[in-house]
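What follows is a set of notes on a single structure, which appears directly below.
The values are calculated or read from the model by the stated rules, or taken from the named source; none is laboratory data. These figures come from a predicted structure and were not determined experimentally. Cβ sites come from the backbone with ideal geometry, for glycine too, and all protein chains shown count toward neighbours. For accessibility, only protein heavy atoms count, side chains too; no ligands or nucleic acids. Shrake-Rupley method; radii C 1.70, N 1.55, O 1.52, S 1.80 Å.
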Amino acid sequence: MLTSIQVELMKLKRSKIMLVFLAGPALVALLFFSLQASGAELEVWPFYFFAGFTAWATFMLPLSATIIATLMAQLEHGPKTWAHLLALPVPKWRLFAAKAVVALLLIAGMSILTGLLLWFGGWLAGYLNPEHKLIDPAPYAALAESMLNDEDTAFGDLDAALLVRNWKWVVVERLAYIYLSSFLLIAVQLWAAFKFRNFLIPLALGVGGGFFAIFAQASKYGIFFPWLMPFNTLGFMPEKVNMALSLGLVGGVAAMLLMLIDMSRMQIK
Amino acid sequence: MTAIETENLHKKFLGVKAVDGVDLAVPEGAIYGFLGPNGAGKTTTIRMILGLLQPNKGKIRIFGEDLMRRRTKALKNVGVAFETPAHYEHLTGRENLDITRRLLGLDKSEIDRVLETVELTHVPNRLVRKYSLGMRHRLGLARALLGKPKLLVFDEPTNGLDPVGIREMREFITSLPERTGATVFVSSHHLAEMQQMASHVAVIHLGKIVFQGGMNDLRGLHASRLEIACVDEAAARAQLSGMGKRIERRGGKLAIELASNDGAEAEAAAVNRKLVEAGVDVHHLALAPWTLEELFLQVIGAPPRADDQADA
């Protein structure tokens, strides 16, 4: 399996996939750096990060997953190398699984890069203009924590939940949640990209999914919509977060397994 | 042992039979030509043999291994080059080979060996998108040769090549059994090439095998013909008809089919004697074996060309 993964990584050399890998996080970071540098009122680091994560989870991650899955499949569809690859004495599922693992690794890398570039952008904005410097929420932490411990205060109070002393952990945790809950949408995108030779089909699915996610937010069934799951992990209602996380992660793993079974039966005419 | 054995192979696409009860037996060490017009079912059969298409019915064994049950084991000794050489265009030739080498778990030295075999040692680090079609074909061959497979499957390997490339490819394929000990299964609709390459041949038409056997068996289906050109063609016709011969026109000459291949020379001499004795001046007399193309058209039941019409 390791060899198959190494081979998939080799194929990324000089491909446009690495451009997407860098561009997705960079665009999010650039947007929030621009906002911060132009005097946005985010003030504290956790608000800044969460604003960036919202853009990442709702827009850039689904779009990046769509493009990465499509490009990875087109590496084989384009030059018609599936026939050669699947005629090798290697289990077919392993070839598709290696691609799925690499796609997951790429999105994981992009998630980390998004976090790091957001931090760098925030720091740079403050470095260039001290008035726009983001601050640690320590002064508000005690108040926030008392609010959270107060039974009369709603747990869903986002501001309070972010202003706690361990805000850095909360930020890292939520970034990981976004990633893990995106497994289902990544699996769906990979499946469509492998299945259809025409790249417009997975692209349309990804863009359409992202578009309908806007409307799905208003629906009580929105929690089941794969493209909305990463965004739903940013909330502070434990039920909603857990639902998005477990559906995205468990559903994603299950969808990947089904995809492997289906693609192993792929017929090359 | 047979290198490839198929048994009652069937494949339908949307209810249309593409392959209809194909039984193949490819002997080890042969250059086995798989002939058929476009759409006859050659590529579908090959793709089933390689496990790329699931047959609706039938069995496939490669060196005795059941392909459906043990695909990876059955394909362990198989190298493939497809009609259109498909490579990762953004990678170099060496990188392309390295991908297959790694998946096959072979030593790095294999890449240099196969590059040398196909004479691509001067461009291994060039991007494939900058390769000519001939170079891409050769890279495809190099990839097929990785790991010294015992069976090489080539699907229309000369498609798109110029005459020089076709000759090089033909010479290369012909040399393979001797150089590598491999069995070669090669599909083509270029009959002249196959005539020069194959030791065995199968002809597929409308999804069915209409002939299978040694190249000599195919030639033996019809006795040679005798081509005759003479000054007084009408007199010659009369004499030949008198001998009970069916006369055809072939390339501007008269042609008759001889009784058998074995006594062809003696029969030709006898015909010549008879014509000369009858006062017919013969200025051309030649034995003309059936070309593979003609035999092929005969086996698939295609009508002869206008020029080849029998007129007596």
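If you take the residues of the stretch B:78-111 that are charged (D, E, K, R) and open to solvent by less than 40 Å² (accessible area, probe 1.4 Å), which of them is modelled with the lowest pLDDT? Filtering the stretch B:78-111 for residues that are charged (D, E, K, R) and open to solvent by less than 40 Å² (accessible area, probe 1.4 Å), the one modelled with the lowest pLDDT comes out as B:110. In the stretch B:259-266, is there at least one residue being surrounded by fewer than 19 Cβ atoms within 10 Å (Cβ to Cβ) and acidic (Asp, Glu)? Among the residues of the stretch B:259-266, at least one is surrounded by fewer than 19 Cβ atoms within 10 Å (Cβ to Cβ) and acidic (Asp, Glu), which makes the answer yes.
When the residues of the stretch A:67-123 are filtered to those that are in contact (Cβ under 8 Å) with a residue 24 or more places away in the chain, open to solvent by less than 30 Å² (accessible area, probe 1.4 Å) and of a type in the set (D, E, K, R), the one that is nearest to the other protein chains (Cβ to nearest Cβ) is A:92.
Looking across B:185, B:172, B:211, one residue alone is in a helix (DSSP H, G or I), open to solvent by less than 60 Å² (accessible area, probe 1.4 Å), in the same structural domain as residue B:18 (by TED's automatic domain parsing) and not hydroxyl-bearing (Ser, Thr, Tyr). It is B:172. The number of residues in the stretch B:7-56 that are under 17 Å from the mean Cα position of the chain (by Cα), within 14 Å of chain A (Cβ to nearest Cβ) and either of a type in the set (Asp, Glu) or over 20 Å from residue B:184 (Cα atoms) (or both) comes to 1. Restricting the stretch A:239-253 to residues that are in contact (Cβ under 8 Å) with a residue 24 or more places away in the chain and not β-branched (Val, Ile, Thr) leaves a set whose member that is farthest from residue A:90 (Cα to Cα) is A:244. Of all residues in the stretch B:62-77 being part of a strand (DSSP E or B) and surrounded by fewer than 18 Cβ atoms within 10 Å (Cβ to Cβ), which is farthest from the other protein chains (Cβ to nearest Cβ)? It comes out as B:66. Screening the stretch A:247-264 for residues that are among the small types (Gly, Ala, Ser) and within 15 Å of the chain's Cα centre (by Cα) and picking the one that is nearest to residue B:51 (Cα to Cα) gives A:252. Regarding residue B:249, is this residue in a helix (DSSP H, G or I), surrounded by fewer than 18 Cβ atoms within 10 Å (Cβ to Cβ) and of a type outside the set (A, V, I, L, M)? No.
Limited to the stretch A:127-137, what total is found for residues that are free of Cβ contacts under 8 Å to residues at least 40 places away in the same chain and either assigned to a helix (DSSP H, G or I) or under 22 Å from residue A:266 (Cβ atoms) (or both)?
2
Can you say whether residue A:183 is over 18 Å from the mean Cα position of the chain (by Cα), in contact (Cβ under 8 Å) with a residue 60 or more places away in the chain and buried (at least 21 other Cβ atoms within 10 Å of the Cβ), as far as the supplied structure shows?
Answer is no for this residue.
I'd like the full set of residues that are touching an Asp or Glu at 6+ places or on another chain (Cβ under 8 Å) and of a type outside the set (Lys, Arg), limited to the stretch B:191-210.
Scanning the stretch B:191-210 gives B:191, B:192, B:206, B:207, B:209.
Of the residues B:89, B:95, which is touching a residue at least 24 places away in the same chain (Cβ under 8 Å), farther than 25 Å from residue B:181 by Cβ and facing chain A (nearest Cβ under 8 Å)? Unique residue meeting the criteria: B:89.
Scanning the stretch A:34-55 for residues that are assigned to a helix (DSSP H, G or I) and farther than 20 Å from residue A:109 by Cβ returns A:34, A:35, A:36, A:37, A:45, A:46, A:47, A:48, A:50, A:51, A:54.
Quick one: which helices (runs of 4 or more DSSP H) sit completely within the stretch A:187-269 and have at least 2 residues that are modelled with pLDDT under 85 and away from chain B (no Cβ under 14 Å)? Talk me through it step by step, then tell me what you get.
Working: elements: A:200-216, A:229-232, A:238-264.
Because the criterion is at least 2 residues that are modelled with pLDDT under 85 and away from chain B (no Cβ under 14 Å), the helices (runs of 4 or more DSSP H) in the stretch A:187-269 that meet it are A:200-216, A:238-264.
Does the stretch A:50-65 contain at least one residue that is within 14 Å of another protein chain (Cβ to nearest Cβ) and of a type in the set (Val, Ile, Thr)? Within the stretch A:50-65, none of the residues are within 14 Å of another protein chain (Cβ to nearest Cβ) and of a type in the set (Val, Ile, Thr).
Which members of the stretch B:102-111 meet the condition of being assigned to a helix (DSSP H, G or I), more than 7 Å from chain A (Cβ to nearest Cβ) and over 29 Å from the mean Cα position of the chain (by Cα)? The one that is assigned to a helix (DSSP H, G or I), more than 7 Å from chain A (Cβ to nearest Cβ) and over 29 Å from the mean Cα position of the chain (by Cα): B:109. Among the residues of the stretch B:112-127, those that are outside any loop (DSSP other than H, G, I, E, B), open to solvent by 10 Å² or more (accessible area, probe 1.4 Å) and more than 10 Å from every other protein chain (Cβ to nearest Cβ) comprise B:112, B:113, B:116, B:117. Filtered by the rule that a residue be under 27 Å from residue B:295 (Cβ atoms), modelled with pLDDT of 80 or more and assigned to a loop (DSSP other than H, G, I, E, B), the stretch B:253-284 gives no residues.
Remark: pairs (first residue in the stretch A:35-57, farther than 15 Å from residue A:233 by Cβ; second residue β-branched (Val, Ile, Thr) and in a strand (DSSP E or B); Cβ separation under 9 Å; 6+ apart in sequence or on different chains) = A:43/A:135; A:44/A:135; A:45/A:135.
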